[in-house]
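The values are calculated or read from the model by the stated rules, or taken from the named source; none is laboratory data. Keep in mind that this is a model prediction, so the values were computed, not measured. Here Cβ is always computed from backbone atoms with ideal geometry, including for glycine, and neighbour counts include all displayed protein chains. With ligands, DNA and RNA removed, areas are computed over all heavy atoms of the protein, side chains included. Shrake-Rupley method; radii C 1.70, N 1.55, O 1.52, S 1.80 Å.
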Amino acid sequence: MQDVKLCPRCGNGNVYVKDSRNNYIGLWRKRSCVDCGYSFKTYEVLESELDDLKKLRQLDKVLSDVYGKK
């Protein structure tokens, strides 16, 4: 699992939260790196919901393989 305190582009730890919102599976945060300006989103879900999320992603992959990508 990637450390969300580090920028995925430059690896610097000078990252701040620009916006946070609740969604149907948890919380997403829009983050930005002070050094390189890169913006990225992180998603936080309850551990109890993580298995359900993994199953949905697997199902989505199977369906896209069968019916083609959107």
Worksheet item: Rounded to a whole number, what % of the accessible area of region 1-42 do carbon and sulfur atoms account for, probe 1.4 Å?
Response: 46 percent
Worksheet, complete the sentence: Given unit charges at Cβ for Lys, Arg (+) and Asp, Glu (-), the dipole magnitude of region 10-70 about its Cα centre in debye, nearest 20, is 280 debye
Discussion item. Taking R0 as 22 Å, what FRET efficiency do you get between residue 12 and residue 40 from their Cβ-Cβ distance, rounded to the nearest 0.05?
Written reply: 0.95
Response to the item:
Nearest-0.05 FRET efficiency for residue 61 and residue 22 at R0 = 22 Å, using Cβ-Cβ distance, is 0.25
Item to complete: Can you tell me the 0 to 90 degree angle between the C-alpha axis of helix 47-67 and the longest principal axis of the chain, rounded to 10?
Response: 60 degrees
Worksheet, complete the sentence: Number of Lys pairs in region 12-70 closer than 14 Å at Cα, excluding neighbours under 8 places apart unless interchain, is 5
Worksheet item: If you roll a 1.4 Å probe over the heavy atoms of the protein chains, what accessible area per residue do you get for the chain, in Å²?
Response: 85 Å²
Worksheet item: Quick one, which of (i) 15.2, 43; (ii) 17.4, 55; (iii) 12.9, 39 is the actual Rg and Dmax of the Cα atoms in Å calculated for this model?
Response: (i)
Worksheet item: By the scheme Lys and Arg +1, Asp and Glu -1, what is the net charge of all other residues having a beta-carbon under 14 Å from that of residue 54?
Response: -2
Response to the item:
For residue 38, other-chain or 5+-apart residues with amide H closer than 5 Å (H placed, Pro excluded) are 33
